[in-house]
1. Quick one: if you stick a label point 7 Å off each Cα along the C-beta vector at residue 47 and residue 97, how many nm between them?
2. For the range 42-127, build the convex hull from the C-alpha positions and give me its volume per residue in Å³.
3. Need one number: nm distance between label points at residue 87 and residue 107, each 7 Å from Cα along Cα→Cβ, rounded to one decimal.
4. Please list the equivalent ellipsoid semi-axes of the range 64-107, computed as the square roots of five times the alpha-carbon gyration tensor eigenvalues, in descending order and whole angstrom.
5. Along each principal axis of its Cα atoms, how long is the range 80-130 end to end? Whole angstroms, biggest number first, please.
């Protein structure tokens, strides 16, 4: 009985293998495309609110060994709430969506201060290259 089950199991696996392989075509010769899961980040990143957040980040973090992160966070949240109104999602939703960003930016700037050298470097650090 065991032998019959073993033969049936092997036949099932062997019979399924070509079908499974046939489902996958030959590898593409085209280079892989990358896409942002966030969609179009231009409106999200290139506006007065994010520019104000960048200016706040520069004035608070650049060249500072011990910035007041709690104050930076609160000032950031005020900008984010206004940004939420601008984007049409509501102030509390945008603040909640971006609540971790100030401390993350502080850490990024600590590790690589050059991200605060320009708005382009800053936005690239935030969402990746355009």
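Values in this text are rule-based calculations from the coordinates and carry no lab data. Note that the structure is predicted; figures quoted are calculated from it, not measured. As a convention, Cβ positions derive from the backbone with ideal geometry for all residues, glycine included, and neighbour counts pool all protein chains shown.
1. 0.8
2. Values: hull volume 6.8 nm³, N = 86.
Measuring per residue, one finds 79 Å³ for the Cα hull of the range 42-127.
3. That separation, rounded to one decimal, is 2.0 nm.
4. Numbers: eigenvalues 97, 17, 9 Å².
Here the semi-axes work out to 22, 9, 7 Å.
5. On the principal axes, the range 80-130 reaches 32, 22, 14 Å in Cα extent.
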